[in-house]
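See below for the structure under consideration.
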Amino acid sequence: MSDFGSDNQAYATLLISIYVIGLAFGPLFLSPLSELYGRNPLMHAANLLFLAAAVACALSVNIPMLMFFRLMLGVSTISLGGGYVADMMEPERRQRAMNVWTVGPVLAPVVGPIAGGFLSLKTNWRWTFGLLSITGAIVLFGCFLLLPETYPPRLLHLKAARLRIATGNQRLRSKYDKDQTPVQLFFLSIIRPTKLLVRSPIILIVSLFLAIAYSYMYLMFATFNDVFAETYGFNVGQTGLCYLGLGIGCLLGQYTLDLFMKRYMKKQLAENGALQPEDQLRPLAVAGCLLSAGLVWYGWSMEYRAHWIVPLLGTGVCGIAITLFFLAVQTYLVEAYTIYAASALAANTAVRCVFGVTVPLAGPPLYNRLGLGWGNSLLGLLALTVVPASVLLKKYGRRIRNNPKFMPEL
């Protein structure tokens, strides 16, 4: 902020949160277009927008310019990974594929502050965006060269078009062809995530589950710098390393969940002859208990100023829980809404990002009034509500999902 001659704290907070605002609303309208034009055109366009926005952020000359292009960075971060998994993987292999894909979304908020903290010690904030520009350019050209189109309806549409040209038979159509005009298909696509969110209670419920974990993660991010700097006298680089607790917990969560779900899926397949999307919800009850325990551990160890490793271990438990939440919900949505996985994940992203922006704002007042111990205990108590809710959803989710009242026309 000092580079722009301002000490306005509201601007500083908005510069951080405006990215998440873009992340909430960009995928809501852009991701479903991949179900109309295919995955690749949207992926290439989003990568190009990300690169342009990162370069513009690095070259920003005032706060409004930086805010606008930070917003564009968020808008360009569309939710297509789950869509690619749904396109290419059979049901019994999707959980592991989702596990690999979520390494990025789960670890990025952890690795970013660590890298940024040490980068800011050696250079200035512009090089943070410079590094994003370099990596963005590599990803853009890598996708252009190596990434194939995978969306089955788009591939069939292109095949039908080639056959019409080759045979002269204009009646050849893809089985996904809805006989609607391009304008109708466009508007049908961009409103699909909103329809799913409003008309399908399943998507809203599981999105709220993940929103709880996601918002708690950002609440810890928002308070780490002040809490660890004031309690232990850490500098910027050392404070950045405090994110390692969450990061290591996330990796442990991914590894243990992969081992458990591999065995659990084999058991379900042997007993029932088929897998159901609700099978993916099994880890949520454990995740709710772990998140609650981790928050209490972190909060009270900070309250009593225990050695710094103790609260970091508590954040590690939270990291395990957050990964279980993320993988269970995301994989469930991919399994339940395969063809429209991108839209379902976009709706989920919008909900969790709204919580990710708003809930951390309550952190400082909460901790000022209740302290770190009781404040985190209250958050842990709220996290426990996921446990009975997830058990009920696993039992009745299929019935709700297949109820005609809750199946919007897509």
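Every read-out reported here was derived from the displayed coordinates using simple, explicitly stated rules and does not represent laboratory data. From a predicted model like this one, the values you see are computed outputs, not experimental measurements. Positions of Cβ are generated from backbone atoms using ideal geometry, with glycine treated the same way; all protein chains shown enter the neighbour counts.
Between residue 263 and residue 238, residue separation times 0.36 nm minus the direct Cα-Cα distance comes to 5.0 nm. Rounded, prolate or oblate, given the Cα gyration tensor of segment 233-360, with a/c below 1.5 counting as rounded? Since a/c reaches 1.5 and a/b is larger than b/c, the shape of segment 233-360 is classed as prolate. Under 37 °C and 0.692 mPa s, how fast does segment 172-307 diffuse according to Stokes-Einstein, given a Kirkwood radius computed over C-alpha pairs? Answer in µm²/s, whole number. Using the Kirkwood radius from Cα pairs, D works out to 169 µm²/s. Between helix 244-272 and the chain there is an angle of about 40 degrees, using the helix long axis and the longest principal axis of the Cα atoms.
Can you pull out the trypsin sites (Lys or Arg not before Pro) in segment 84-187 that DSSP calls coil and that have at most 16 other Cβ atoms within 10 Å?
Working: sites: 93, 94, 96, 122, 126, 154, 159, 162, 164, 171, 173, 175, 178; in loops: 171, 173, 175, 178.
Those satisfying the criteria are 171, 173, 175, 178.
When peptides 129-141, 314-326, 32-44 are ranked by their average number of other Cβ atoms within 10 Å per residue, the highest-first order is 314-326, 32-44, 129-141. Give the shape of segment 301-387 as rounded, prolate or oblate, defined through the alpha-carbon gyration tensor: a ≥ b ≥ c are the square roots of its eigenvalues, a/c under 1.5 means rounded, and otherwise the shape is prolate if a/b is larger than b/c and oblate if not. It comes out prolate by the Cα gyration axes.
Provide the FRET efficiency to the nearest 0.05 for the residue 362-residue 272 pair, computing r from the beta carbons and using R0 = 41 Å.
Values: r = 43 Å, r/R0 = 1.05.
After rounding to 0.05, the efficiency reads 0.45.
In this simple spin-label approximation, residue 385 and residue 146 carry label points 7 Å from Cα along the Cα→Cβ vector, and these lie 4.4 nm apart.
Suppose R0 equals 51 Å; then what is the FRET efficiency for residue 289 and residue 402 from their Cβ-Cβ distance, rounded to the nearest 0.05? The calculated FRET efficiency here is 0.95. Structure remark: mean-square fluctuation, Gaussian network model of the chain, C-alpha springs under 10 Å; the largest value among 68, 228, 187 belongs to 187.
Computed over Cα pairs, the Kirkwood radius of segment 338-384 leads via Stokes-Einstein (0.890 mPa s, 25 °C) to a diffusion coefficient of 195 µm² per second.
By definition, a body whose alpha carbon gyration tensor gives a ≥ b ≥ c is prolate when a/c is 1.5 or more and a/b is larger than b/c, and segment 61-159 fits this prolate description. Quick check for you: which residues of segment 42-84 have the amide N under 11 Å from the point 7 Å beyond the Cα of residue 124 toward its beta carbon? Answer for segment 42-84: 59-61. For the chain, a simple Cβ point-charge model (Lys and Arg +1, Asp and Glu -1, everything else neutral) yields a dipole of about 1360 debye relative to the Cα centre. Per residue, the convex hull spanned by the Cα atoms of segment 228-277 measures out at 91 cubic angstrom. Since only 371, 269, 318 are under comparison, the one whose Cα sits farthest along the positive direction of the charge dipole of segment 255-410, derived from C-beta charges on Lys, Arg, Asp and Glu, is 269.
Spatial offset of segment 260-274 relative to segment 173-237 amounts to 29 Å, using the alpha carbon center of each. Here the calculated FRET efficiency for residue 158 and residue 198, from their Cβ-Cβ distance with R0 = 25 Å, stands at 0.20, rounded to the nearest 0.05.
For the chain, find the longest principal axis of its Cα atoms and tell me its angle to the long axis of helix 152-167, 0 to 90°, nearest 10. Tilt of helix 152-167: around 30 degrees. Placing pseudo-labels 7 Å out from each Cα toward the beta carbon at residue 252 and residue 370 gives an inter-label distance of 2.5 nm. Compared with the dominant principal axis of the Cα atoms in the chain, helix 39-58 is inclined by about 30°.
If each DSSP helix of 4+ residues adds -39,500 (n - 2.57) and the sum is divided by the residues in the chain, what number results at 222 nm, nearest 500 deg cm²/dmol?
Values: 19 runs with 323 residues, N = 410.
Per the formula, -26500 deg cm²/dmol.
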